[in-house]
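One structure is given here, and the rest of the page talks about it.
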Amino acid sequence: MFGSLFWKSVLAFAYRCSGAVVTFAFGVCFARMMSIEEYGVLVSLMTFGFIASTIGLVGQQLLVLREIPSLATRKDYTSIGSIVAKRVRVACLGSIAATAIALLIFVAAHGRGGVFGRWEYATSLLLILPLALIEMQSSVGRALGSVNLALMPKDVLWRLFIILFGGAFFVAYGHPVTAADVFVIATGILVVLIAIQQVHLRRLAQGHRLFTNAVKRSKDSVADVISTSGPFWVTSIASMLFATIDIVIVSVIVGPEAGGLYYAANRIALLLDFFLVTFCIPAAPLIARLFDEGRRTEITRIMSGGTLAAFIGVLGCVVVLALVGDIVLMAFGQHFVRAHGVLMVLAIGMLASTYFGVGSVALNMTGHQRAAMNIMVTTSVLGVAAMVGATWMFGIWGTAVVLVVVWVANRAWMAAHIYAAEGIDLTPTTMLITIGRRATRIVA
């Protein structure tokens, strides 16, 4: 079991590294193919699309990850198909509703300037439903033990193909690419990837059609499913919202140019989190199964060891960014060097938050989803309110400082809660104590 987890973690790490490279290349390429104002619109509205799709998912991506692993060990694909049918139905309806509500924002803001003031930018709304569906496919594949399906399409291939098609468009027409062009290209690529993933997903389910006609097969009322999904929904929205709303806040309050500068620093800093998040991709379904079997000590061993390895990796990256972070930012363009100080604030905050592990994953996989919801909502609401004020007064520096404080507070609170409730340690502390004891015995 642990050997399989190790190799899946290695594979996930490789994919996350590839995704990090592609994400970085995405930012650099379009920063150079667009004006900085248009680039700010692109990253802001693409972020807005991710937020809207997460709202439209109604937490279904976390529910399938919690419910399927135990059934998958028994190869009960009939029950898995029934679960997926319910979740896909709600995700489709929720995404359509989210698209309609987002369209009203463009209607209300039309002609007033800003990222929501022009009709051509409404093409970003095309992303919402496909993003929700590809996330559902990835979650089902992850629950069935496939790291390939969990990461490769949406983390690597999607952005890679956007770069290729966007670059071809830029070369063919010889003028800067617009945000609307990129939104249309991205939507088309998502639709193709969703169709291709169906083949792999059916193979994982040993021929069972988990997604096709799932909406027609579902007979449960939407109200019942939403009631079950509530804590997962709120947690996923709060997680996505706080992870991305800072970019939108900067673009709206300070302007698209500042949004572009902040986006570059933010995206580089968030790459440091992929050490821990990568480990949690194969670990999450395993945690759900071990908790159902009452094996809490093994969960502590898994999470504490993974968090320690991630912390060491992030520490090394922070040192590198301190030395050559300005050179990394120059890849976006010469003027992006101005964001080096903000980058270091975010990087140090990511290092501190990494020590406390990923409590949201552990809480949702161990039946404490309501606690995860309460912690996420509290920290996110207070954090967004503080971020608006800090951005208004201090610009992107204020945004960065508030974001760092909330990162640390959120993860520390979650780690403390699961330790008090289940005795599960998400921090490197347990592993460090174990290593210290072994070293002492060797010396003695």
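The values are calculated or read from the model by the stated rules, or taken from the named source; none is laboratory data. Please read these numbers as outputs of a predicted model, since none were measured by experiment. Here the Cβ is made from the backbone with ideal geometry for all residues, glycine too, and neighbour counts use every protein chain on show. Note: accessible area is taken over every heavy atom of the protein model, side chains too, but ligands, DNA and RNA are not part of it. Shrake-Rupley method; radii C 1.70, N 1.55, O 1.52, S 1.80 Å.
Per the Debye calculation on region 140-207 with a single equal scatterer at every Cα and no solvent contribution, log₁₀ I(q)/I(0) for q = 0.13, 0.22, 0.26, 0.29 Å⁻¹ amounts to -0.45, -0.89, -1.09, -1.23. Solvent-free Debye calculation, one equal scatterer per alpha-carbon of region 359-436: log10 I(q)/I(0) at 0.18 Å⁻¹ equals -0.76. Applying 0.36 nm per residue to the separation of Trp119 and Cys17 and subtracting their alpha-carbon distance, the gain on full extension is 33.1 nm.
Step by step: find N for region 48-165, compute 2.2 N^0.38 Å, then divide the Cα radius of gyration by it. What's the final number?
Values: Rg = 16.7 Å, N = 118, 2.2 N^0.38 = 13.5 Å.
Ratio of Cα Rg to 2.2 N^0.38 Å: 1.24.
Work out how much length Arg437 to Met393 would gain on full extension: take 0.36 nm times their residue separation and subtract the Cα-Cα distance, in nm to one decimal.
10.9 nm
Here the average projected area of the convex hull drawn through the C-alpha atoms of region 287-403 stands at 8.8 nm².
The Kirkwood radius of region 17-114, taken over pairs of alpha-carbon atoms, gives through the Stokes-Einstein law at 10 °C and 1.306 mPa s a diffusion coefficient of 96 µm² s⁻¹.
In this simple spin-label approximation, Glu37 and Gln198 carry label points 7 Å from Cα along the Cα→Cβ vector, and these lie 4.3 nm apart. Out of all Cα-Cα pairs in region 50-94, roughly what percent, to the nearest whole number, are more than 15 Å apart? Considering region 50-94, 43 percent of its Cα-Cα pairs are separated by more than 15 Å. In this structure the chain gives 41 Å² per residue of accessible area when probed at 1.4 Å with all protein chains present.
Calculated on C-alpha atoms, the gyration radius of the chain divided by its Kirkwood radius gives an Rg/Rh of 0.96.
Overall, the accessible surface of the chain at a probe of 1.4 angstrom is composed of carbon and sulfur to the extent of 69 percent. What the Cβ-Cβ distance of Arg295 and Tyr173 gives, at R0 = 56 Å and to the nearest 0.05, is a FRET efficiency of 0.45.
Computed from backbone phi with θ = phi - 60° and the Karplus coefficients 6.51, -1.76 and 1.60, the 3J(HN,Hα) list for region 166-182 is x, x, 5, 4, 5, 5, 5, 9, x, 9, x, 6, 9, 4, 4, 4, 5 Hz; x is used for glycine and proline.
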